[in-house]
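Written out below as structure tokens is the structure these notes cover.
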Amino acid sequence: MAKKLSKATFAAAFAFLSISITSFAQNTSEMRIIPLNENWTFHQNGQEYWMPATVPGTVHTDLMANGKIEDPYYRTNEREVQWVDKTDWEYRMSFAVDPSMLEYDAAQLEFLGLDTYADVYLNDSLILRADNFFLAWERDVRSLLRAGENQLRIYFHSPAQVGLKKLAEHGFPLPASNDQSENGGLGDKRVSIFLRKPGYHFGWDWGPRLVSIGIWRPVNLKLWNAARLEDVFFRQDSLDADQARLTALCEARVLKEGSYTLEVWNGDTLLRQQTMNLSPGKHTLELPFEIAQPKRWWTKELGEQHRYALQVKLVQSGTTLDQIGHKVGLRTVRVVQTPDEKGSSFYVELNGHALFSKGANYIPNDVFLPRVTREQYQRVVQSAADANMNMLRVWGGGFYEEDYFYELCDESGILIWQDFMFACSMYPGDPEFLQNVEAEAVYNVKRLRNHPCIALWCGNNEIDVAWANFDEFKGWGWKQQYTKQQRKYIWEAYENVFHQMLPAVVNAYHPGLFYWPSSPFLEHGKLAGYDTQGGDIHYWGVWHGEHPFDDFYKYIGRFMSEYGFQSFPEFRTVKAYTLPKDWDIESEVMAAHQRSGIGNLRIRSYMKAHYQVPSEFERMLYVGQVLQAEGIKMAIEAHRSAKPHNMGTLYWQINDCWPVASWSGMDYYQRWKAMHYFVKKAFAPVAVSAREVDNEVQIRVVSDRMDSLEATLDLRILDFDGNPVWNRQFQILAAPNTAFLAAAIPSGELHRGQSGRNQVMEMTLKQGENVLHRNLVYFHPVKDLHLPEDPGLQMEVIPNPSGPDVLIRLQADRLAKNVYLDFPEAEGFFSDNYFDLLPGETVEVGFTPKQPATLTAESLKVVVMR
């Protein structure tokens, strides 16, 4: 039963607010775009009192703002708000229209995002029934607007109740492994697959079940005359060093027959114009144009991210009626699958260059999406760029991201592997569902296709291998739960969406871009597996299969699109959602913030194999982060050293949607874990790594540069007190874009008959005095090393006289392993952390606080591995 909302003393005052839209009008030539995002109120259906609402926003965040529910992310509060998605909600506002606004030929209400099942009324007339989170909606309302006050009302139906109805109509359930229906009070009734809404809202193995409702993107009133542009696609037809040939593909809606001119501009330069007579209706118009001596768009490590400010204007009698512009990057991008003696390649080719894809999987930054700020988007994309990534995979259980996210990736030179929003489930195949999916696909492909960062479209996440239609004994055990007739229906629905509809949409609306049916995928009729040598691989032997970290070297395919290992967030983050009594990894609250059921104990199990398991909670968090970092570093080194056989490594995952123990490299508050610091070094454009195999230490160098590289490789072994044991130097010549064995040294020569438990090998790759990369190798698990009890650390904190940041200078008499720095009273960012400090070495680390603070050596907390 729905929870009753208590009366609010202020509710009556906000019962029905009116806003004059004239004060918010924005002129775009003759079109006026008027935001309608202020002074909304909302209430629970059946309740008398209305409360202030934020638009864009959600019911959950509005209830929090009005003091009606506690933060669902704190402790186990998630359980207390499961009633919210079981009831209906209503939002309303009023706006004033002056008579001059009624003189426009057309008026449209634009809803850029409604979550999800919503009936929209203007002046008590039903204008829209929305049923897809991923779509924007427009409705003509010219005949319904009136001078003076106008009333806009949106009635949101309970997604849980809509889903239950659709489940009953379907006649039998469908698999949805991550739908936490039990947590939502629905028992075994998994409804997420019937709703075109982000799957992760219903829970995942790293996220809570919080099924949001609300106006999640802005609402606008658009007024215009005669004609407007509805969409512009700058299609790249050909590209070479001398010339780029493009076509401005324009969709126009005309109300009045007449002569119109289309103009294509590059900044202030007119490239092409064409005048034509257009009749009322919708028109698709093509304007070819050229750009001489074009500059190309490259990923961050390969070149500049040049973009052209292209714009199309619709003009009549010298007046610009409408205009649409995009910053367009010129590049060629394709996925190369060439058969070879081991299988078939799978790599991205950018501007003719075989690209080794380095990056991570990306999930939404919050469950409540409207509260993700532009600063948060900047932070996550900049963190990816800072870590030398050139690709992010927008995963299929979330949503098609905000335009601003893709703009940042365009600017930062980060390619996007873009999933359609389907993951780890089977879906209905009825005509209504399929029509809805097709409209969603067309809308989002058209919305994103002008971004140079989009490298490929992928149909779904893991469904092909989960159902495993072509092998009765493989898969996740789904198909065995159904009758022969049901299985036929389910697979036909799958084929219809992922092998027919979606590739057709990509081909029609984003021609030339690669479409991949599922991830992982090998080929139609053959399943991807840990040892397949084509397509992409999700390798979860480490973690789910309890394989040792060394198996990252054993299972290497052509493109590693998922793998990972969990860690806890740092203590500062844990304290934000716990009480001191919760500080045990097996406590109820810590278990509630761990959605992989095996998670916390699995971390401890792997830790026991590599480290001394701490008894103290805060130190357990620290060691857990280092464990994760070392594991993923090994995976990256394995994948990069296998180049060109393997040409991609995207770990799971870069970010979090709430504070939780997960596979992320940055926690919910965007604090870098140890892993992100390690990844930054492991993804360096030129890197050296080592592995001991069969009593031989193999040292490999990888270069992503497009030119050849001459460098010096210095190797030295010293003990933990700083005494030299062994050294060698090699001159190397690295061909462009390559990985190779630089040296192979017998282990006995390195250890000089000693056990190596108190020794470290430093590998330094440099040109002259310029250090290109440095890496350290230990010859035993950390738990078996003879680490110094006291490394003899000396620290100095040096303020920047012209800013809030400080420089931290550290030196150690003996090895200081995994030095972790923290100012407990100051939030901020360290340029490096969790690093090893060799005896006698001086390291300088920058720290930038978020807020001005007094920072001293006494206020600096330092933790080292023991």
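The values are calculated or read from the model by the stated rules, or taken from the named source; none is laboratory data. All of these numbers come straight from a predicted model, not from anything done at the bench. Glycine also receives a Cβ, built like all others from the backbone with ideal geometry; neighbour counts cover every protein chain displayed. Surface accessibility is based on the protein's heavy atoms, side chains included, excluding ligands, DNA and RNA. Shrake-Rupley method; radii C 1.70, N 1.55, O 1.52, S 1.80 Å.
Go through D124, D88 for me and flag whichever is touching a residue at least 12 places away in the same chain (Cβ under 8 Å), on the phi > 0 side of the Ramachandran plot and not aromatic (F, W, Y). Lay out the reasoning, then the answer.
On the way: D88 fails: on the phi > 0 side of the Ramachandran plot.
That would be D124, the only listed residue that is touching a residue at least 12 places away in the same chain (Cβ under 8 Å), on the phi > 0 side of the Ramachandran plot and not aromatic (F, W, Y).
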Taking segment 487-505 and keeping residues open to solvent by less than 60 Å² (accessible area, probe 1.4 Å) and out of contact with any Lys or Arg (no Cβ under 9 Å at 6 or more places or on another chain) leaves A493, Y494, E495, N496, V497, F498, H499, M501, L502, P503, A504, V505
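Would you confirm, using the coordinates I've provided, whether N388 is among the polar types (S, T, N, Q) and in contact with a His (Cβ under 6 Å, 6 or more places away or on another chain)? Before the answer, list the steps.
Details: among the polar types (S, T, N, Q): yes; in contact with a His (Cβ under 6 Å, 6 or more places away or on another chain): no.
It is false that N388 is among the polar types (S, T, N, Q) and in contact with a His (Cβ under 6 Å, 6 or more places away or on another chain).
I need the full set of residues from segment 669-721 which are closer than 30 Å to E789 by Cα and either open to solvent by 30 Å² or more (accessible area, probe 1.4 Å) or polar (S, T, N, Q) (or both), in order please. Show your work before the answer.
Within segment 669-721, the subset closer than 30 Å to E789 by Cα is 671-682, 688-692, 695, 697, 714-721.
If the condition is that a residue be closer than 30 Å to E789 by Cα and either open to solvent by 30 Å² or more (accessible area, probe 1.4 Å) or polar (S, T, N, Q) (or both), then R671, K680, K681, S689, R691, E692, N695, D714, R716, D721 are the ones that fit.
Can you tell me which residue within segment 132-154, out of those that are open to solvent by 40 Å² or more (accessible area, probe 1.4 Å) and outside any strand (DSSP E or B), is nearest to Q108 (Cα to Cα)? Don't jump to the end; show me each part of the working.
Within segment 132-154, the first condition is being open to solvent by 40 Å² or more (accessible area, probe 1.4 Å), and the residues that meet it are 138-140, 142-144, 146-147, 149, 151, 153.
Cutting the leftovers down to outside any strand (DSSP E or B) gives us 142-144, 146-147.
Working: R142: 7, S143: 10, L144: 10, R146: 13, A147: 16 Å.
So the residue we want is R142.
Quickly run through segment 783-795 and pick out the residues that are of a type in the set (D, E) and surrounded by 13 or more Cβ atoms within 10 Å (Cβ to Cβ). Talk me through it step by step, then tell me what you get.
Taking segment 783-795 as the starting set, the residues that turn out to be of a type in the set (D, E) are 784, 789-790.
Hit for segment 783-795 is D784, nothing else.
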Name the single residue that is nearest to N225 (Cα to Cα) among those in segment 110-129 being under 30 Å from the mean Cα position of the chain (by Cα) and buried (at least 20 other Cβ atoms within 10 Å of the Cβ). F111
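May I ask you to say which residue of K282, K358, K327 is surrounded by 17 or more Cβ atoms within 10 Å (Cβ to Cβ), farther than 22 Å from D536 by Cβ, among the basic types (K, R) and touching a residue at least 40 places away in the same chain (Cβ under 8 Å)?
Details: K282 fails: surrounded by 17 or more Cβ atoms within 10 Å (Cβ to Cβ); K358 fails: farther than 22 Å from D536 by Cβ.
Result: K327 is the single residue among K282, K358, K327 that is surrounded by 17 or more Cβ atoms within 10 Å (Cβ to Cβ), farther than 22 Å from D536 by Cβ, among the basic types (K, R) and touching a residue at least 40 places away in the same chain (Cβ under 8 Å).
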Checking E562 against (1) modelled with pLDDT of 95 or more; (2) in contact with a Gly (Cβ under 9 Å, 6 or more places away or on another chain); (3) open to solvent by less than 50 Å² (accessible area, probe 1.4 Å); (4) charged (D, E, K, R), which single condition isn't satisfied? (2)
Among the residues in segment 580-589, are any in contact with a helix residue (DSSP H, G or I) (Cβ under 6 Å, 6 or more places away or on another chain), at pLDDT 95 or above, buried (at least 18 other Cβ atoms within 10 Å of the Cβ) and under 28 Å from S212 (Cα atoms)? yes
Hey, L210 in contact with a helix residue (DSSP H, G or I) (Cβ under 9 Å, 6 or more places away or on another chain), in contact (Cβ under 8 Å) with a residue 12 or more places away in the chain and either open to solvent by less than 20 Å² (accessible area, probe 1.4 Å) or closer than 30 Å to S662 by Cα (or both) or not: yes
Kindly indicate whether R814 is open to solvent by 20 Å² or more (accessible area, probe 1.4 Å), touching a His at 6+ places or on another chain (Cβ under 8 Å) and not in a strand (DSSP E or B). no
Give the number of residues within segment 384-418 that are more than 12 Å from the chain's Cα centre (by Cα) and touching a residue at least 40 places away in the same chain (Cβ under 8 Å). 12
In segment 592-619, the residues that are open to solvent by less than 10 Å² (accessible area, probe 1.4 Å), modelled with pLDDT of 95 or more and in contact with a Phe, Trp or Tyr (Cβ under 9 Å, 6 or more places away or on another chain): H593, I603
Complete set of residues in segment 437-475 that are open to solvent by less than 10 Å² (accessible area, probe 1.4 Å) and of a type in the set (V, I, T): V437, V445, I454, I463
Out of L369, L434, I need the residue that is of a type in the set (A, V, I, L, M), more than 18 Å from I654 (Cβ to Cβ) and open to solvent by 10 Å² or more (accessible area, probe 1.4 Å). Which one? L434
